[in-house]
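In what follows, a single structure is set out as structure tokens and then discussed.
The values are calculated or read from the model by the stated rules, or taken from the named source; none is laboratory data. The shown structure was predicted, so the numbers you read here are calculated from the model rather than taken from an experiment. Because the Cβ atoms are built from the backbone with ideal geometry, glycine has one as well, and the counts that use them run over all protein chains shown. All accessible areas refer to the heavy atoms of the entire protein, side chains included, with ligands and DNA or RNA removed. Shrake-Rupley method; radii C 1.70, N 1.55, O 1.52, S 1.80 Å.
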Amino acid sequence: MASKFYYFGFGSNMLSKRIHIQNPGADRVGPGKLQDYRLDFYNNSEKWNGAPATIVPSKGDHVFGAIWEIDSCHLEDLDNQESVDRGVYTPITLPVMCITLQKYIQCRAYHLCQQPQTDIKCIPEQKIPSDRLPSETYLKTLVKGALETGIPDEYVNFLRAIKHNRNVVKTLETILELQDVKLVHTS
């Protein structure tokens, strides 16, 4: 029997269609809650045409996501997907509360190597710089993944309301079947 590890996906990898592109054997354990971190966005992803998600230590905040169980032989595939070799993300291990099992699980997660210095929630919406805005497609992926994972409605509504850059990546919209996902800000 192959050894396995747990992975906490808080961005596009909450969505099964997304994680299964490079990790088809990933099994969702359930929704997870990471305490004392915040969700943020920074820099630019050519694939998504906007800022990707990251987690940043932030006392009192929390991030919801999907906990996945993955065969250890696919660890390199996940690292490659997260561009660890190119210095985009770095892996970390964190205790995540599995909501369905009501226990903490040590999970691998990834955060951007170049982290934002300010909390996006503290920037007036009209002044958020472009390198802090996810694309519409990326945000729809997060919302669909959160719904699919069973993340609490309050957090899903928080995701729906995040300002985005209105960029649409048609190929990913089609592959990930995002046509029915509704956001607060629309293009």
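Residue 82 - would you say it is of a type outside the set (Phe, Trp, Tyr), under 19 Å from residue 139 (Cβ atoms) and within 12 Å of the chain's Cα centre (by Cα)? Talk me through it step by step, then tell me what you get.
On the way: of a type outside the set (Phe, Trp, Tyr): yes; under 19 Å from residue 139 (Cβ atoms): yes; within 12 Å of the chain's Cα centre (by Cα): yes.
When the stated conditions are applied, residue 82 passes them.
Looking at (1) out of contact with any strand residue (DSSP E or B) (no Cβ under 9 Å at 6 or more places or on another chain); (2) assigned to a strand (DSSP E or B); (3) not hydrophobic (A, V, I, L, M, F, W, C), which is the only condition residue 20 fails?
Only one criterion is unmet by residue 20, namely (2).
With the condition kept exactly as written, say whether any residue in the range 99-115 is over 16 Å from the mean Cα position of the chain (by Cα) and buried (at least 17 other Cβ atoms within 10 Å of the Cβ).
Yes: the range 99-115 contains one or more residues that are over 16 Å from the mean Cα position of the chain (by Cα) and buried (at least 17 other Cβ atoms within 10 Å of the Cβ).
Would you check if residue 79 is over 20 Å from residue 101 (Cβ atoms), open to solvent by less than 40 Å² (accessible area, probe 1.4 Å) and not hydroxyl-bearing (Ser, Thr, Tyr)?
On the way: over 20 Å from residue 101 (Cβ atoms): yes; open to solvent by less than 40 Å² (accessible area, probe 1.4 Å): yes; not hydroxyl-bearing (Ser, Thr, Tyr): yes.
Against the criterion (over 20 Å from residue 101 (Cβ atoms), open to solvent by less than 40 Å² (accessible area, probe 1.4 Å) and not hydroxyl-bearing (Ser, Thr, Tyr)), residue 79 qualifies.
Wholly within the range 134-187, which helices (runs of 4 or more DSSP H) include no fewer than the required count, namely at least 2 residues that are closer than 17 Å to residue 39 by Cα, in contact with a helix residue (DSSP H, G or I) (Cβ under 6 Å, 6 or more places away or on another chain) and open to solvent by less than 20 Å² (accessible area, probe 1.4 Å)? Reasoning before the result, please.
Working: elements: 136-149, 153-160, 170-175.
Hits in the range 134-187: 136-149, 153-160.
Taking into account only those residues within the range 26-53 that are assigned to a strand (DSSP E or B) and of a type in the set (S, T, N, Q), which is nearest to residue 7 (Cα to Cα)? If you could, list the steps in order and put the result at the bottom.
Applying the first criterion (assigned to a strand (DSSP E or B)) to the range 26-53 yields 27-41, 45, 50, 53.
Right, trim to of a type in the set (S, T, N, Q) and you get 35, 45.
Working: 35: 16, 45: 21 Å.
It comes out as 35.
Considering each of 61, 36, 27 in turn, give the residue that is among the charged types (D, E, K, R), open to solvent by 20 Å² or more (accessible area, probe 1.4 Å) and at positive phi. Even if it seems obvious, please write down each step before you answer.
On the way: 61 fails: at positive phi; 27 fails: at positive phi.
Just one listed residue meets the conditions, 36.
Within the range 140-154, can you find the residues that are within 11 Å of residue 183 (Cα to Cα), of a type in the set (A, V, I, L, M) and free of Cβ contacts under 8 Å to residues at least 60 places away in the same chain?
143
Restricting to the range 132-164, name every residue that is among the charged types (D, E, K, R) and closer than 11 Å to residue 184 by Cα.
Selection gives 136, 140, 160, 163.
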